[in-house]
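Participant: Below is one structure. I have some questions about it.
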Amino acid sequence: MARYADPGAVEWGESGGGPLVAVPEAVLPFWAGADGEDLATDYDRACEIDGYVGLLPVGDSAALVLGDEPASTSFLPGHGTFVRWCAADSEEELPAGVPAALDAAVREHEVLWDVPGPVLLLDSAWPGAGTDRAEHLRVPLEAGRYSVRAAYARPGPETWLGLGLVQLRRPAT
């Protein structure tokens, strides 16, 4: 977890080079990361995700893989959105630009994610059992189904602000 601005600012999850993954706490011990004896580790499977987001089975649930690039990522609960810092002059610019970015975003495909409760955002190479040693970001999601929509946005033509957005919304019933 990193903080680039003053205390109380947004906290960011970071990766050593591979994708970030949001693993439900309930199945965290089943996420092996780059460890394991299988030919394809959980980390390898996460690296194979094509696009901004994808789901991987973990235990009796699924982890949300934030693909594309290993950008610093935070979760803004007020927007229900993972924000990926692709390009901006400062951390302070990012939260202020999210509403316009969400409005202007060109979205990729949508996936449905059933979540048993809170998740941890961590480097996909780390095993879930090692989160006490690894930096991670806890996201207090409520249990239920989420529609996950990914996008990349620049909020305005005069603004050099690149955001990867992964918005979580409850689907209409």
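Participant: Could you list, in sequence order, all residues of the stretch 86-127 that are aliphatic (A, V, I, L, M), modelled with pLDDT of 80 or more and either within 16 Å of Arg145 (Cα to Cα) or assigned to a strand (DSSP E or B) (or both)?
Facilitator: Within the stretch 86-127, Val111, Leu112, Val115, Val119, Leu120, Leu121, Leu122 qualify.
Participant: Kindly indicate the residue of the stretch 42-54 that is without any contact (Cβ under 8 Å) to a residue 60 or more places away in the chain and not aliphatic (A, V, I, L, M) and also surrounded by the fewest Cβ atoms within 10 Å (Cβ to Cβ) among those meeting that condition. Steps first, answer last, please.
Facilitator: Step one: list which residues in the stretch 42-54 are without any contact (Cβ under 8 Å) to a residue 60 or more places away in the chain, which gives 44-45, 48-50, 54.
Cutting the leftovers down to not aliphatic (A, V, I, L, M) gives us 44-45, 48, 50, 54.
Values: Asp44: 15, Arg45: 19, Glu48: 13, Asp50: 7, Gly54: 22.
If we take residues in the stretch 42-54 being without any contact (Cβ under 8 Å) to a residue 60 or more places away in the chain and not aliphatic (A, V, I, L, M), then Asp50 is surrounded by the fewest Cβ atoms within 10 Å (Cβ to Cβ).
Participant: Residue by residue through the stretch 12-36, note down the ones that are closer than 16 Å to Gly130 by Cβ and either among the polar types (S, T, N, Q) or part of a helix (DSSP H, G or I) (or both).
Facilitator: Of everything in the stretch 12-36, those that are closer than 16 Å to Gly130 by Cβ and either among the polar types (S, T, N, Q) or part of a helix (DSSP H, G or I) (or both) turn out to be Ser15, Glu25, Val27, Leu28, Pro29, Phe30.
Participant: Kindly check whether there is at least one residue in the stretch 67-85 that is in a loop (DSSP other than H, G, I, E, B), at pLDDT below 75 and among the aliphatic types (A, V, I, L, M).
Facilitator: No - not one qualifying residue is present in the stretch 67-85.
Participant: Here are the criteria: (1) within 13 Å of the chain's Cα centre (by Cα); (2) part of a loop (DSSP other than H, G, I, E, B); (3) free of Cβ contacts under 8 Å to residues at least 60 places away in the same chain. Tell me which single one Leu39 does not satisfy.
Facilitator: Condition not satisfied by Leu39: (1).
Participant: Follow-up question, since we're still on this one. Could you list, in sequence order, all residues of the stretch 18-41 that are loosely packed, with under 14 Cβ neighbours inside 10 Å and either over 15 Å from Pro127 (Cα atoms) or at pLDDT 95 or above (or both)?
Facilitator: The one that is loosely packed, with under 14 Cβ neighbours inside 10 Å and either over 15 Å from Pro127 (Cα atoms) or at pLDDT 95 or above (or both): Leu39.
Participant: May I pose another question? When the residues of the stretch 1-17 are narrowed to those that are touching a strand residue (DSSP E or B) at 6+ places or on another chain (Cβ under 6 Å) and hydrophobic (A, V, I, L, M, F, W, C), which ends up modelled with the highest pLDDT?
Facilitator: Trp12
Participant: Here's another thing I want to ask about it. Test Pro57 against the criterion of being exposed (fewer than 15 other Cβ atoms within 10 Å of the Cβ) and either in contact with a Pro (Cβ under 6 Å, 6 or more places away or on another chain) or modelled with pLDDT of 95 or more (or both), and give yes or no.
Facilitator: Values: exposed (fewer than 15 other Cβ atoms within 10 Å of the Cβ): yes; either in contact with a Pro (Cβ under 6 Å, 6 or more places away or on another chain) or modelled with pLDDT of 95 or more (or both): yes.
When the stated conditions are applied, Pro57 passes them.
Participant: Given (1) of a type in the set (Gly, Ala, Ser); (2) farther than 19 Å from Arg138 by Cα; (3) at pLDDT 95 or above, identify the lone condition not met by Ala62.
Facilitator: Of everything listed in (1) of a type in the set (Gly, Ala, Ser); (2) farther than 19 Å from Arg138 by Cα; (3) at pLDDT 95 or above, Ala62 misses just condition (2).
The values are calculated or read from the model by the stated rules, or taken from the named source; none is laboratory data. Source: prediction; values computed, not measured. With ideal geometry, Cβ positions are generated from the backbone for all residues, glycine too; neighbour counts draw on all protein chains shown.
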